[in-house]
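*Asks:* Below: one structure in structure tokens.
The values are calculated or read from the model by the stated rules, or taken from the named source; none is laboratory data. None of these values were measured; they are calculated from a predicted model. So basically every Cβ, Gly included, is an ideal-geometry build from the backbone, and we count neighbours across all protein chains shown. Just so you know, the surface numbers come from the protein's heavy atoms only, side chains and all, with ligands and any DNA or RNA stripped out. Shrake-Rupley method; radii C 1.70, N 1.55, O 1.52, S 1.80 Å.
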Amino acid sequence: QTMSPSSLLSFLIVAFSLRLFLSLSSNTILSFPSHQYSPIPHSLKSLKESLYIESAGGLSAYESPITYQLPLTLSLFKLIPSFLTHPFVIALDIGTALILWKFSRRVFGYWGQQQKNAGRIAASTAKKMPNLILLVYLFNPLQIASAAAGSLISLRNFLLALLMYQSVKAAGSNTSNAPARRAMFYLALVVYLDWNYVILLGGILLLLKNGVDDYFGGRSEGYEDNEDDSITSSSEEKSTKRGSAFVLEMIIWFLIWIAFLMAASFYAAGGSWKWIHHVYGRIFLVEDLSPNWGNHWYFFTEVFDHFRTYFLLVFNGHYFAYVIPLLLKFKGQPVFLTVIQISILSVFSAYPSFGGIFFALTLLLLFVHLTKYTRYTFVLMLFCVYTSVSGPAFFKTWIYTGTGNANFFYFMTLGFVLSQVMLIVEAVLGMLRWQVDAERLGDQKKKSLKAE
């Protein structure tokens, strides 16, 4: 059922208060090394040090080796008083949960109207799932720890949620291209924060062009948006597929927004391009090898230098190997396509964060109907929980007590990444099996209609 405004506000306040309390408490699990929850490129501490260098030292932040933040990110936090920076990051995380709730209401509302097409999900379940997604995101312990530790991944999650919400909203109407242009702006902001997210362009364009779910010709049937972000059927075919001219226009707008952000960054950095190496370059080269929940740090610590360039290209380029196969196979399901791409990027990042990984896992709850087509989801989730809980303990035996070594922690991170990869594989296989059933259902309906 629809959550009342008072209940929604109560959950948001409790979640914000819990994160804020943990961020202020020194006797919690968050006293553990912050890079366990917030790697250096996403660290609020690193951001504050960069701001201090500019304000107190009178130097450019990019003269320091600790700066991983983009010029516009630094400019944003310059506007916020120092004592409010952490509450602001937490507020972004809470805002992300609210936008995900509104986004999932639109998606489930639309799917609820498509029962005659796919029998995807029961209407009663469609009404409950947005509330579940909201609560899972708000009260996931590791999501709470990430925000309480001051992880700047909250900013990217917020923009990704805005992108998904705006794209679905823009896909529901052909009255104007302005909503679609706003979606392109949000995509440009996400790509500006992490250039690897450019692989989302294809899925977002398909979503804007064909609608939420084109697998059964969903857009051609039309649907109307309500003020409360729910969806109702339209008896008139008010939505028609947009053409290639629309796609070309959106690509041009995306490039315009990227050019604007780069120019603004050049101006904010004092007329210098040094920030490109300090942010994009250093992340691409994996210069910081502090232990985190990915595998890059261990691999590039051990690899021979003369192989480093080759493996840098492999690790940074393999994201793009999935783009065309996924586009071809799931072009009729752009929401699923985009969620899978976000999941791949969050898991294989050089500096993954719990906040980013569990943001992607929360999005996978949109496809709860696939669980009957998967086999090992429950086991994989248990393995994910085991590794995420055991990892900090193994890290402590390595760094603090000296009774272990790097392999102890690395094996836990390797298992954690493997569990995420297998969950993605399970989701993809589940969708492929669902497609087979859906096609069979469609064929049966066609035969029954012919018989009548």
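*Asks:* Put a dot 7 Å past each Cα toward the Cβ at Phe307 and Val136; how far apart are the dots in nm?
*Replies:* 3.8
*Asks:* Using θ = phi - 60° and the Karplus curve 6.51 cos²θ - 1.76 cosθ + 1.60, what whole-Hz ³J(HN,Hα) does each residue of region 344-359 get, with Gly and Pro shown as x?
*Replies:* The phi angles translate into 4, 5, 5, 7, 8, 4, 5, 10, x, 10, 3, x, x, 5, 7, 5 Hz.
*Asks:* For the pairs Lys45/Lys169; Lys331/Lys372; Lys209/Lys274; Lys329/Lys372; Lys78/Lys102; Lys78/Lys274, flag any whose C-alpha to C-alpha distance is greater than 26 Å.
*Replies:* Flagged as over cut-off: Lys45/Lys169; Lys209/Lys274; Lys78/Lys102.
*Asks:* What ranking of Glu54, Glu63, Glu287 comes out by heavy-atom accessible area, probe 1.4 Å, highest first?
*Replies:* Solvent-accessible surface, decreasing: Glu63, Glu287, Glu54.
*Asks:* Using only protein heavy atoms and a 1.4 Å probe, report how much of Arg282 is accessible, in Å² to the nearest 10.
*Replies:* Probe radius 1.4 Å; accessible area of Arg282 about 20 Å².
*Asks:* Continuing with this model, one more query. For Ser46, tell me the accessible area in Å² from a 1.4 Å probe, rounded to the nearest 10.
*Replies:* Rounded to the nearest 10, the figure is 10 Å².
*Asks:* Report the far tail of the P(r) of region 32-106, meaning the percent of Cα-Cα pairs longer than 14 Å.
*Replies:* Looking at region 32-106, the distances longer than 14 Å represent 66 percent of pairs.
*Asks:* Additional query: Count charges around Ala178 for me, please; just the other residues with Cβ under 12 Å from its Cβ, Lys/Arg as +1, Asp/Glu as -1.
*Replies:* After counting each charged neighbour, the total is +2.
*Asks:* Roughly to the nearest percent, how much of the accessible area of region 259-326 is carbon and sulfur, given a 1.4 Å probe?
*Replies:* On region 259-326, the fraction of accessible area on carbon and sulfur atoms equals 72 percent.
*Asks:* Can you work out ³J(HN,Hα) from phi for every residue in region 79-95, in order, using Karplus 6.51 cos²θ - 1.76 cosθ + 1.60 and θ = phi - 60°, giving whole Hz and x for Gly and Pro?
*Replies:* Using θ = phi - 60°, the values come out as 7, 9, x, 3, 6, 9, 5, 5, x, 5, 4, 5, 4, 4, 5, 5, x Hz.
*Asks:* If you don't mind, another one. Which ³J(HN,Hα) values, rounded to whole Hz and listed in residue order, are derived for region 191-199 from phi using the Karplus coefficients 6.51, -1.76 and 1.60 in 6.51 cos²θ - 1.76 cosθ + 1.60 with θ = phi - 60°, glycine and proline given as x?
*Replies:* Each residue of region 191-199 in turn: 5, 4, 6, 8, 4, 4, 6, 5, 5 Hz.
*Asks:* Turning to a different aspect of this structure: Please report the net charge: other residues with Cβ closer than 13 Å to the Cβ of Gly355, K and R +1, D and E -1.
*Replies:* +1
*Asks:* Calculated FRET efficiency, Tyr267 and Ile80, Cβ-Cβ r, R0 25 Å, to nearest 0.05?
*Replies:* Computed FRET efficiency for Tyr267 and Ile80 comes out at 0.80.
*Asks:* Rolling a 1.4 angstrom probe over the protein chains, ignoring ligands and nucleic acids, what is the accessible area of Val436 in square angstrom, nearest 10?
*Replies:* Looks like 80 Å² after rounding.
*Asks:* Give the long-range amide H neighbours of Ser43: residues separated by 5 or more places, or on another chain, with amide H under 5 Å away, using H modelled in the peptide plane at 1.01 Å from N.
*Replies:* Amide H neighbours of Ser43: Leu152.
*Asks:* Still on this structure, I have one more. Once you put a point 7 Å from the Cα of Phe378 and another 7 Å from the Cα of Thr2, both along the Cβ direction, what distance in nm separates them?
*Replies:* 3.5
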